[in-house]
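Notes follow the structure.
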Amino acid sequence: MADLRSNFVGIKSPNPFWLASAPPTDKEYNVVRAFKAGWGGVVWKTLGEDPHIVNVNGPRYGAIHSGDRRLLGLNNIELITDRPLQTNLDEIKRVKRDWPDRAMVVSLMVPCEEPNWAAILKRVEETDCDGVELNFGCPHGMSERGMGSAVGQVPEYIEMVARWCKAHTRMPVIVKLTPNITDVRKPARAARKGGADAVSLINTINSIMSVNLDSFAPEPTIDGKGTHGGYCGPAVKPIALSMVSEIARDAETKGMPISGIGGITTWRDALEFILLGAGTAQVCTAAMTYGFKIVEEMTSGLENWMDERGFQHLDELVGKAVPNVTDWQYLNLNYIAKAQIDQDKCIQCGRCYAACEDTSHQAISNAPKNGKRHFEVIDAECVACNLCVEVCPVEQCITMVQMTKGTDPRTGKKIDPKYANWTTHPNNPAAKVAAE
């Protein structure tokens with residue numbers, strides 16, 4: 001059977017599935033129940049200094065749902081823990097004592113001054129937890145106080161605080177990055193320069209989820225007013241995957257341990273993060289939606305997948321997809337494919353035709369056949385954009401088929417089996433100059 005044990009910067013856990021710093025990890029009761037359910041580790045909800053934070057006593061969440069009421073995205077305006085610091089520290093110590101085989105990482109956020117970080121690190125270290133995560137990501141509430149994403153958006157601050165923390169603790173230091181920045185590689189580079197052991201990402205995306213059309217206020221609404229908050233859930237996963245991959249393949253951060261976060265709901269989601277370089281997969285929204293027991297499906301699903309493919313250890317998978325992530329200019333421009341409709345599976349709904357005819361390349365015909373609706377790809381017009389595949393309601397009804405020889409009926413050009421990209425293309429002015 002596949003071995004799911006994880007050793008992330010010296011932090012050991014029986015599996016790579018951790019609960020992210022959030023309401024599910026705010027107290028001993030929750031964390032113990034999570035460990036009993038099978039979670040490999042937790043990042044305790046962000047601690048701050050006393051006097052402790054005051055949260056709103058009203059709605060804290062807004063949501064986007066699919067047509068079948070499935071939760072796609074969650075917005076929250078909750079701040080860091082509003083429980084006394086010592087209460088949290090006492091509970092962390094007890095939980096770690098009772099569950100020594102589970103990863104216990106503590107999220108921290110204090111004012112951007114060295115004595116503040118030194119003081120809280122000393123107290124956290126006494127709990128015997130396994131590491132700390134510096135919360136440089138929260139986009140609401142705390143950022144207005146000069147913390148959270150206000151720090152995470154300034155690489156120089158990240159480097160400075162990471163350096164302070166490494167000087168004041170023996171514990172591994174993980175820097176949690178904000179996605180609310182143009183180039184996520186820059187804060188990651190700063191974290192590495194500051195001596196951080198790893199990065200985790202992404203934190204929530206700054207957002208206003210919706211506006212109530214009766215009260216004309218953003219939701220969630222507190223006494224007639226709303227504010228921006230942090231956006232998470234399945235809808236943010238593509239953004240998170242891209243940012244994780246950027247750090248994994250950047251020359252200055254390549255090889256830096258990554259804890260992946262962002263819309264992870266199933267073992268497949270987690271595996272995608274692992275293949276793009278993440279050593280652990282942190283989960284929040286899915287646990288808040290379905291409960292702690294989802295980890296059972298995550299562990300069994302990943303184990304079965306690894307067994308079926310002959311992978312024995314998690315380390316074999318970390319970063320396996322990174323070499324296949326490239327820049328657009330290096331994509332093979334000689335690769336030719338065409339859409340193909342499986343007529344036995346087609347239900348003649350016409351979605352592919354409507355999408356292609358109205359918004360793409362008019363590459364699907366709708367001429368009836370034997371008195372019935374019939375849709376067929378016109379190879380001479382198909383550019384292989386794949387839109388028809390994505391709008392088709394029947395899985396595997398439309399597929400993309402590569403052409404390896406002959407002539408492309410759209411361009412009339414002979415198919416060249418050799419690899420060629422934009423850097424060598426005759427339409428590229430830079431390529432022409434280089435040739436001359």
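Key figures for this structure:
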item	result
Any hit, region 178-190, residues being outside any strand (DSSP E or B), in contact (Cβ under 8 Å) with a residue 12 or more places away in the chain and under 16 Å from ALA20 (Cβ atoms)	yes
Neighbours by Cβ (under 8 Å, 6+ apart or cross-chain): first from region 324-335, more than 17 Å from ASP250 (Cβ to Cβ); second among the charged types (D, E, K, R)	ASN334/ASP416; ASN334/LYS418
Selection status of PHE8, in contact with a Gly (Cβ under 6 Å, 6 or more places away or on another chain), of a type outside the set (S, T, N, Q), buried (at least 24 other Cβ atoms within 10 Å of the Cβ) and within 21 Å of LYS293 (Cβ to Cβ)	no
Test: residue in region 322-336 that is in contact with a strand residue (DSSP E or B) (Cβ under 8 Å, 6 or more places away or on another chain) and polar (S, T, N, Q)	no
Count of region 233-283 residues which are assigned to a helix (DSSP H, G or I) and not acidic (Asp, Glu)	22
Residues (farther than 16 Å from LYS45 by Cβ and either free of Cβ contacts under 8 Å to residues at least 12 places away in the same chain or not in a helix (DSSP H, G or I) (or both)) located in region 104-118	PRO111, CYS112, GLU113, PRO115
Flag for LYS293 being in contact with a helix residue (DSSP H, G or I) (Cβ under 8 Å, 6 or more places away or on another chain) and either closer than 20 Å to PRO187 by Cα or at pLDDT below 95 (or both)	no
The one condition in (1) in the same structural domain as ASP358 (by TED's automatic domain parsing); (2) among the polar types (S, T, N, Q); (3) more than 30 Å from GLY350 (Cβ to Cβ) that THR424 fails to fulfil	(1)
Whichever residue in region 304-363 is β-branched (Val, Ile, Thr) and in contact with an Asp or Glu (Cβ under 9 Å, 6 or more places away or on another chain) and, among such residues, is nearest to VAL377 (Cα to Cα)	ILE341
Count - residues of region 320-341 that are surrounded by 12 or more Cβ atoms within 10 Å (Cβ to Cβ) and either farther than 29 Å from SER245 by Cα or aromatic (Phe, Trp, Tyr) (or both)	3
From ALA367, ALA354, ALA384, residue being more than 27 Å from SER245 (Cα to Cα), surrounded by 12 or more Cβ atoms within 10 Å (Cβ to Cβ) and among the aliphatic types (A, V, I, L, M)	ALA354
Those strands (runs of 3 or more DSSP E) lying entirely in region 11-57 with at least 1 residues hydroxyl-bearing (Ser, Thr, Tyr) and within 30 Å of MET1 (Cβ to Cβ)	11-13
Which listed residue, of GLY260, GLY226, is touching a residue at least 12 places away in the same chain (Cβ under 8 Å) and within 19 Å of THR178 (Cβ to Cβ)	GLY260
Criterion violated by CYS385 - all others in (1) under 29 Å from the mean Cα position of the chain (by Cα); (2) touching a residue at least 24 places away in the same chain (Cβ under 8 Å); (3) not in a loop (DSSP other than H, G, I, E, B) satisfied	(3)
Failed condition for ILE77, given (1) within 22 Å of VAL31 (Cβ to Cβ); (2) in contact with a Lys or Arg (Cβ under 8 Å, 6 or more places away or on another chain)	(1)
Neighbours by Cβ (under 7 Å, 6+ apart or cross-chain): first from region 395-415, in contact (Cβ under 8 Å) with a residue 40 or more places away in the chain and closer than 21 Å to ASP342 by Cα; second among the charged types (D, E, K, R) and surrounded by 15 or more Cβ atoms within 10 Å (Cβ to Cβ)	VAL401/LYS338; MET403/LYS338
Filtered residue count, region 307-346, keeping only those that are small (Gly, Ala, Ser), in a loop (DSSP other than H, G, I, E, B) and out of contact with any helix residue (DSSP H, G or I) (no Cβ under 7 Å at 6 or more places or on another chain)	1
Conditions (1) among the charged types (D, E, K, R); (2) more than 26 Å from HIS65 (Cα to Cα); (3) buried (at least 16 other Cβ atoms within 10 Å of the Cβ): number failed by ASP315	(3)
Considering residues of region 249-278 that are among the small types (Gly, Ala, Ser) and within 13 Å of the chain's Cα centre (by Cα) only, the residue nearest to PRO323 (Cα to Cα)	GLY277
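The values are calculated or read from the model by the stated rules, or taken from the named source; none is laboratory data. The structure presented is a predicted model; accordingly, all values stated were derived computationally and were not measured. Please note: Cβ atoms are built from the backbone with ideal geometry, for glycine as well, and neighbour counts cover all protein chains shown.
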